[in-house]
Amino acid sequence: MTTTPHLQTFTLEHLPPGYVMHVAVYENVRNAGFLQKQLLDGNEGFEYAFVDAGVVLSTTHLLAAIYRALRDFQSGRMKSRNVHSEVVFSLSSNNNISESFRRFGITPSTTNLIVVKISLPSKQVSRDEVLKHLTEVIEGESVDFCDEVLGGMVDEKRVRKVYKLGGGKSGIVQSKGEGEKRELEVLVLGGMALRGFGG
Amino acid sequence: MSVQAPPAAIPTPSHIEPPNPSHPASTSPLPLPPIFQHDPAPPQLITQGAEALLYRTTYLLPSIQCALKYRPSKPYRHPILGARLTKHRILSEARVLAKCRKEGVPVPAVYGLDEREGWLMIEWIAGEVLRIKLNEWLKQRKDEKVPEERENAPDGGRIHEGLHVLKGLMGRIGSAVGRMHGVGIVHGDLTTSNLMLRPRSNDTAEGGAGDGDGILDGEVILIDFGLASQSTADEDRAVDLYVLERAFGSTHPRAEGMFSELLAAYGKSFKGANIVLKKLEDVRMRGRKRSMLG
């Protein structure tokens, strides 16, 4: 059974025209080591944000990181090499860039992968180009970028750990299920927004 | 408001300046935060305080509502000082909100901020501020009560039930404030305009229950942490309560008698709350400010 590959194209609120993002999700990825090596080698054909889906709670969580990266790009406040590495760094709640790559970026053991490609006004990339290239280089099954899929891939324990939201006395979350998930999400968003300023 | 020439029969006193239509003070353009400069439609201004403007807008996608609090730079302030103050205040408010939310205190979540541009983006809270809800409720009760002034009103039970609703609300406020104090935050400006009543999302489940007026139903959410600080001093906590008590007294005198319900719930909300209630008695005696004498 073959299905057409998924690739979602977005624009976000309060950004100038010309900023467009393409997002794809893959499961059962078998060549994460190769993909990570392309980033480490600085292969220009692989300018993507490769995010480990195990630490992404929802579409909103990822879009928040993209938005932060684009705002920092626009205002000349990026801390990492390019807008794609900045997306990965923007998921972090602290200023340690290499740690953010280890925690949120692709690693050789990544099996569920989110890929973000940003089309900038100065460097436009079409949806078809991205889709064609990703289909060629990623060994894995393309799935929809939606909350249902991401919810099945996320490891909430890991999320709590990397955002320092572990149980204990914090997180007096009363509501169960969806409410609890939403609560975790807004705490994560707050952590990202206050990156480097302490919580 | 139209500018009309006075009737010719009445001489205009020479010392009164005629209104100058080129400077309508009420419609002076507000400084728009730079984040909005690319938006096709201007954002909706909700309210305006001395230091900040509050807009209703969207976060990431058109479907996600949010509030944006903007602190424009003050023309009378030195720009470097102004930038430092703005940065400090934006970050302070964001940290306090994030801490509260993490600890389970009902406040809006933080979505984003830009300390240089001077804005803070937070969760949009549905519902209405308590001041409006409470006045609406008190007015409705007053209107209803008129024919019931007779002795042994057959509907006396209903009045009692109404008070029960108010008691419940006061208790919820006391718990929310106590929870905030319990995690080491003082609000700094607790008024009935800085408390919101958010309709419960599962209101269909209990539809029809009660006497039908759900004006005071809903979850109490604390808002506007612009003057908040991290403190566990009983003095600061007691001043928070005192300010709230005065707010009830001045804007809802008919609900003031119920403040004891609020304090009772507060007293049970965290360890050490009773010491704060003791301190409140001192603060009542002397007012909000400490004496500078001796």
Shape call for region A:8-155, from the Cα gyration tensor axes a ≥ b ≥ c (a/c under 1.5 means rounded, otherwise prolate when a/b beats b/c, else oblate), comes out rounded
Carbon/sulfur accessible area of region B:41-123, % of total, 1.4 Å probe, equals 55
On complex formation of A with B, accessible surface lost, both sides summed, probe 1.4 Å, nearest 100 Å², amounts to 2800
Taking Cα atoms, the helix A:178-193 axis meets the longest principal axis of chain A at an angle in degrees (rounded to 10) of 70
Note, region B:182-189: 3J(HN,Hα) by Karplus (6.51, -1.76, 1.60, θ = phi - 60°), whole Hz, Gly/Pro = x, goes x, 9, x, 10, 10, 7, x, 7
By the C-alpha gyration tensor axes a ≥ b ≥ c (rounded if a/c is under 1.5, else prolate when a/b exceeds b/c, else oblate), the shape of region B:84-126 is oblate
For region B:274-281, Karplus-derived ³J(HN,Hα) couplings (6.51, -1.76, 1.60; θ = phi - 60°; whole Hz; x for glycine and proline) come out as 5, 5, 5, 5, 4, 4, 4, 5
Heavy-atom accessible area of chain A with neighbours in place, 1.4 angstrom probe: carbon+sulfur share in percent works out to 51
Residue by residue through region B:97-111, the couplings from Karplus 6.51 cos²θ - 1.76 cosθ + 1.60 with θ = phi - 60°, in Hz, x for Gly and Pro, are 4, 5, 5, 4, 4, 4, 8, x, 7, x, 9, x, 6, 8, 9
Which of A:Lys181/B:Lys102; B:Lys139/B:Lys167; A:Lys79/A:Lys132; B:Lys102/B:Lys278; B:Lys99/B:Lys278 exceed 20 Å between C-alpha atoms? The answer is A:Lys79/A:Lys132; B:Lys102/B:Lys278; B:Lys99/B:Lys278
Quick note, region B:41-123: a/c under 1.5 would make it rounded; otherwise a/b > b/c is prolate and the rest oblate (a ≥ b ≥ c, C-alpha gyration tensor); here it is oblate
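The values are calculated or read from the model by the stated rules, or taken from the named source; none is laboratory data. These numbers were taken from a predicted model, which means no experiment stands behind them. We work out accessible area using only protein heavy atoms, side chains counted, and drop any ligands, DNA or RNA first. Shrake-Rupley method; radii C 1.70, N 1.55, O 1.52, S 1.80 Å.
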